[in-house]
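Structure first, then comments.
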Amino acid sequence: MNRSTLWGLGIVGLLSLTWSFASGGPTAPAGEEKPPAPAVHKVERGTLTPCGALEGVLGAPERVGVYLRFEQFGGPLIVVEAVPAGRAVRKGDVLIRFESRDHAEAMRGATEALDHAEAGLAATKAERELLDRQQKEQRKATDLALWQAEREYDAWMKHECASNLKSAELGVKSSEHSLADQKEELAQLESMYRKSELAGETKEIVLDRARRSVMMAEEYLKLARTSETVTKTYENPDKTKSLTETLDQRRQASALEATEAALARDRKDRELLKADQEARDAREAVQKLKRDQERLVVTAPCAGILVHDGVLAHAGPEAIRWCADGATVRVTPAAWPEKDFGGKIRWVSAAPSAGGDPASPKYEVRVTLEAEKEMLRLGMPCRLRVEGAAIREALWVPKTAVASKDGKSYVKVSAAGKTTSREVTCGPSNETQVQIVKGLQGGEEVVVPEVDGAE
């Protein structure tokens, strides 16, 4: 077979276990018998290499899988062309061609979804830019109001507040000085007119005027003192409180606006990310559908023979103990019984095959040959031998010495010229030997009957 096969030579097949022991001879004591010159085997300890013998069919070890996996399109599909299994193909030959009327409809829907997603993305980007401009203007107005409030507060606390108090105090002092001056002037006039001989009418006019000035000065002093009290007790504290509250409000408004602006940007950014993801998903869906369209025609990746993947072997409960990944297998084709090829188990199922007999489950096993052999052909029957680890100091007997009945194993023990049946417990075995783990001791002899066709 050509080395460029799609699936080259390997091992799989229906495995039928041949561990079961030969069933010839009596299986339960039926009285003492003295067969003519029976062959006996002396039970001794030695090395036993257990194995499982299986039957199968040759498959393909070198495989180039051909799969149909759509990324986006879900069908349905109509097969319009297909190459039958077993036909030789060249690289690039069409293996199977599908047709789907729904693919074009899916492509139209995906394209419309992409247009809608891209339009939504563009709108969201524009909204984000508009939000930035609006927040910038609002921030400018808020910062200006805060600056003015801070300026008014600083001017009041550093200058105007103290100036108001000083002005009120100076007003009181000025009124006090004015009153003192007026009183002094009245006293001088009264002293002067007492010594003067001026007419009484003129004197009274001058003195009345001075007395009125004193009275006016006294009233102005009262007003100045009241104004000072109002300034200290009410006006300055009230204005200080008002300017402080205004400044606090401006600061709180500034912080609140910054928080709300950040939240608004965050919401819009999430909307933008969502719109961008939707657009990318829509673009990816369109690209996947385009690639899916190319997959409607499946071609051969290389030259070879078209076969179905997964040619399998089956192992029973006894043989499965030796069938592990990487275990060595010897393969003998039925057409060449003198040939012996090496191989390895590459896969063993963890569960029995569906639809089998629950009383005798079968497990799928796949084997790969270590080298391709030109003489081998697909579907060729073969025998397989899977070896386990050698058991040292094993107590063993020939397989033909063991008989089975009702799920139990028996051997015929020969002693003192007599033969008796004894139940034993068997362990691992190979084609000719079986380990006895219970029921016999070294040095005893067991009868080995001659069975036609025994292996």
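The values are calculated or read from the model by the stated rules, or taken from the named source; none is laboratory data. These numbers come from a predicted model, not from an experiment. Cβ placement follows ideal geometry from the backbone for every residue including glycine, while neighbour counts extend to all protein chains displayed.
If you check Arg87, Arg133, Arg151, which single one turns out to be loosely packed, with under 15 Cβ neighbours inside 10 Å and within 30 Å of Glu271 (Cα to Cα)?
Arg133
Mind counting the residues in the range 320-344 that are out of contact with any Phe, Trp or Tyr (no Cβ under 8 Å at 6 or more places or on another chain) and among the hydroxyl-bearing types (Ser, Thr, Tyr)?
Number of matching residues: 1.
Of all the residues that make up the range 270-329, how many are modelled with pLDDT under 80, out of contact with any Cys (no Cβ under 6 Å at 6 or more places or on another chain) and not in a loop (DSSP other than H, G, I, E, B)?
8
Given the residues Thr233, Thr244, which is the only one that is within 30 Å of Ala141 (Cα to Cα), among the polar types (S, T, N, Q), out of contact with any Ser or Thr (no Cβ under 7 Å at 6 or more places or on another chain) and modelled with pLDDT of 90 or more?
Thr244
I'd like to check something: does the range 432-441 contain any residue that is in contact (Cβ under 8 Å) with a residue 40 or more places away in the chain, part of a strand (DSSP E or B) and within 21 Å of Val329 (Cα to Cα)?
Initially, the range 432-441 is screened for residues in contact (Cβ under 8 Å) with a residue 40 or more places away in the chain, giving 433-437, 440-441.
If we keep only those that are part of a strand (DSSP E or B) too, we end up with 433-437.
After this cut, where a residue has to be within 21 Å of Val329 (Cα to Cα) as well, the list is 433-434.
Yes, the range 432-441 contains at least one residue that is in contact (Cβ under 8 Å) with a residue 40 or more places away in the chain, part of a strand (DSSP E or B) and within 21 Å of Val329 (Cα to Cα).
Can you name every residue in the range 68-105 that is in a loop (DSSP other than H, G, I, E, B) and over 19 Å from Gly304 (Cβ atoms)?
Just the residues of the range 68-105 that are in a loop (DSSP other than H, G, I, E, B), to begin with: 68-77, 83-87, 90-93, 100.
Result: Arg69, Phe70, Glu71, Gln72, Phe73, Gly74, Gly75, Pro76, Leu77, Ser100.
Based on what the data block shows, is Lys203 modelled with pLDDT under 90, touching a Phe, Trp or Tyr at 6+ places or on another chain (Cβ under 7 Å) and assigned to a helix (DSSP H, G or I)?
When the stated conditions are applied, Lys203 passes them.
Which condition from (1) more than 30 Å from Gly417 (Cβ to Cβ); (2) modelled with pLDDT under 75 is the one that Lys34 breaks?
Of (1) more than 30 Å from Gly417 (Cβ to Cβ); (2) modelled with pLDDT under 75, only one is false for Lys34: (1).
What are the pairs, 6+ residues apart or on separate chains, where a residue within the range 227-239 that is within 18 Å of Lys173 (Cβ to Cβ) has its Cβ under 6 Å from a residue that is outside any helix (DSSP H, G or I)?
none
Going through the range 224-257 one residue at a time, which ones are aliphatic (A, V, I, L, M) and surrounded by 13 or more Cβ atoms within 10 Å (Cβ to Cβ)?
Step one: list which residues in the range 224-257 are aliphatic (A, V, I, L, M), which gives 224, 230, 243, 247, 253, 255-256.
Residues satisfying the conditions are Ala224, Leu243, Leu247, Ala253.
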